[in-house]
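Working notes, structure below.
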Amino acid sequence: MAGKQTKIVGKQSIQFENPPYVIGYSSIAGKKESEGPLGTCFDKIEEDPMVGENTWEEAESKLQKEAADLAISKAGLTNSDIRYLIAGDLLGQLIATSFGIIDLEIPMFGVYGACSTMGESLSIGSMIVDGGYADKVMALTSSHFAGAEKQFRFPLDYGNQRPLAASWTVTGSGAVVLGNMPNDSNKNIRIAGITTGKVTDYGIKDSMNMGACMAPAAADVIYQNLVDFNIQPDQYDKIITGDLGYVGSDILKDIMKEKGYDISKNHMDCGIEIFNKEEQDTHSGGSGCACSAITLTGHVFKKLENKEWKKVLFVPTGALLSKVSFNEGNTVPGIAHGVIIEAC
Amino acid sequence: MKEKPNQNNNKNKGPSIKQVINESDTNRRDQIYNQYVKSVTPKHSLVVNILNAFWIGGLICTIGQGLINFYQYLGANIDFAMLYNTISLVFLSILLTGLNIYGKIAKYGGAGTLVPITGFANSVAAPAIEFKKEGQVFGIGCQIFTICGPVILYGIFSSWVFGIIYYIILKLQS
């Protein structure tokens, strides 16, 4: 029995016995993202916001398809080699995902974690691979600025003023192929463990300040990760949150400091990294599933591959917002998922 | 990491994060957290917003007055000139909405672009453009008034209420 329990760590974490390797990954980004500080890091830029399709939703589906195809080919595989696909997006009933992946013909689990989807799908995918239920799986997610605006806020051409705490949904898609064997190279990346987050609600009702909604969730997961593994924040070269933006990042660092962990030196937020706040008028930063996904696949993986960073805690954050619950006067709860990624 | 320059000044006004974390009662904690968030969240400058709204809104109204004068100059009486003016402003607003310009003016002008009839036209045209993809009936038909619907409904309702009040006053006077 003891052998079976060794993977469980602390209250909410797992240390993988056979850590899954990242054997392929891709990042597709939109035009605005290509003009940002990470613009040169992405595999492919889609200048056309419609990506040659008729609707925003179809455009996002196309982005997912492109990201999936590219990640599979970069891994040197074909669709039939992937046993499971774990994918999701922001749109209702995951339509960007379901229509995007039809042609892939890969058995799939659809997941919804709002903007934390990449963390959630990597966590589930890693468990599947480590558990021996598949040799290769793919985690996939996407978001589209116009599709998200249409669903969650106002029609694009409607004239309104965005508050300074609001974030800008990233247009793009990221995919990660995980396998139980490394690629034959000396720059491997693997998923060492995970810490799964809880839905956390501190009573914020302002859907235009998602950083504040999600910061307690991120703090909860990072804190639990450090406690479960009994380590200090400096064990990580970077603690990378998804899309807290400027407001949420400050709150996160504040909470962590109060809980006895100073993460201000090694904290980084994908939402802050992806856009230039002054030049691109993005206010509090980037958001959306693609924000953390393409920063991970376009930027973080490369830093790990060239051993600039050895070990990072990737913590994508999601604001569990719905127009219905918002109009019914409900709060915006947050969630975050921690994934320990290391170079080996 | 880039920090907001005004963060420390703001922080002094609200409760500290320590109070939030140490509060065991969830409702009270949420309250304190909301106050804390309010104190650390940057806001647009109210004075700048008001000034921009004032001059952009004033400009739109001045254009409207110019149009009325122009139509009167062409020979229309005041009632028709005002009607033509409304039609012209609505047309201009819809045209600018379609060209993706009105939103940019509104970002700057705020309520100055929202309150005049141009804002109303924008709030009708924008959903029509966005939801065209979902069809003439369920797209445009059902969604065109999603933003301005409340204005129309309660506008008509309140005019009905005031009409009745007016009627009662007239009856009482006679």
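Only one of the numbered conditions (1) away from every other protein chain (no Cβ under 12 Å); (2) surrounded by 24 or more Cβ atoms within 10 Å (Cβ to Cβ); (3) in contact with an Asp or Glu (Cβ under 9 Å, 6 or more places away or on another chain); (4) part of a helix (DSSP H, G or I) is violated by A:Ser249, and that is (1). The C-beta contact set for region B:152-174 (first residue under 26 Å from B:Val124 (Cα atoms), second residue surrounded by 10 or more Cβ atoms within 10 Å (Cβ to Cβ), distance under 9 angstrom, 6+ apart or interchain) comprises B:Ile152/B:Phe145; B:Leu153/B:Phe145. Selection of region A:264-294 for residues being under 15 Å from A:Ala218 (Cβ atoms) and buried (at least 24 other Cβ atoms within 10 Å of the Cβ) yields A:His267, A:Asp269, A:Cys270, A:Gly271, A:Ile272, A:Ser284, A:Gly285, A:Ser287, A:Cys291, A:Ser292. Within the set A:Lys4, A:Lys74, A:Lys62, the sole residue that is basic (Lys, Arg), at pLDDT below 95 and not assigned by the TED database to the domain that holds A:Val221 turns out to be A:Lys4.
Restricting region B:92-118 to residues that are small (Gly, Ala, Ser) and at the interface with chain A (Cβ under 7 Å from one of its Cβ atoms) leaves a set whose member that is farthest from A:Lys150 (Cα to Cα) is B:Gly110. One residue alone among A:Lys257, A:Lys307, A:Lys265 is out of contact with any Ser or Thr (no Cβ under 6 Å at 6 or more places or on another chain) and part of a helix (DSSP H, G or I), and that residue is A:Lys257. Scanning region A:53-105 for residues being among the charged types (D, E, K, R), surrounded by fewer than 23 Cβ atoms within 10 Å (Cβ to Cβ) and not in a helix (DSSP H, G or I) gives a total of 3.
Only one entry of A:Ile274, A:Ile263, A:Ile341, A:Ile335 meets the criterion of being touching a residue at least 24 places away in the same chain (Cβ under 8 Å) and within 13 Å of another protein chain (Cβ to nearest Cβ), and that entry is A:Ile263. Restricted to region A:190-220, and to residues there that are crowded, with 24+ Cβ neighbours inside 10 Å and in contact with a Lys or Arg (Cβ under 8 Å, 6 or more places away or on another chain), the residue that is farthest from the other protein chains (Cβ to nearest Cβ) is A:Ala217. Among the residues making up region B:22-38, those that are closer than 16 Å to A:Gly248 by Cβ and not polar (S, T, N, Q) are B:Tyr33, B:Tyr36, B:Val37, B:Lys38.
Of the residues contained in region B:52-71, none is found to be more than 9 Å from chain A (Cβ to nearest Cβ), in a loop (DSSP other than H, G, I, E, B), out of contact with any Gly (no Cβ under 8 Å at 6 or more places or on another chain) and of a type in the set (Ser, Thr, Tyr).
One line per residue, one yes/no per condition, for (1) within 11 Å of chain B (Cβ to nearest Cβ); (2) in contact with an Asp or Glu (Cβ under 6 Å, 6 or more places away or on another chain):
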position: A:Ala134; (1), (2): no, no
position: A:Ser142; (1), (2): no, yes
position: A:Arg162; (1), (2): yes, no
position: A:Gly179; (1), (2): no, no
position: A:Asn188; (1), (2): no, no
position: A:Ile239; (1), (2): no, no
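The values are calculated or read from the model by the stated rules, or taken from the named source; none is laboratory data. Just so it is clear, the model here is predicted, and its values are computed rather than measured. Positions of Cβ are backbone-derived with ideal geometry, glycine not excepted, and every protein chain shown enters the neighbour counts.
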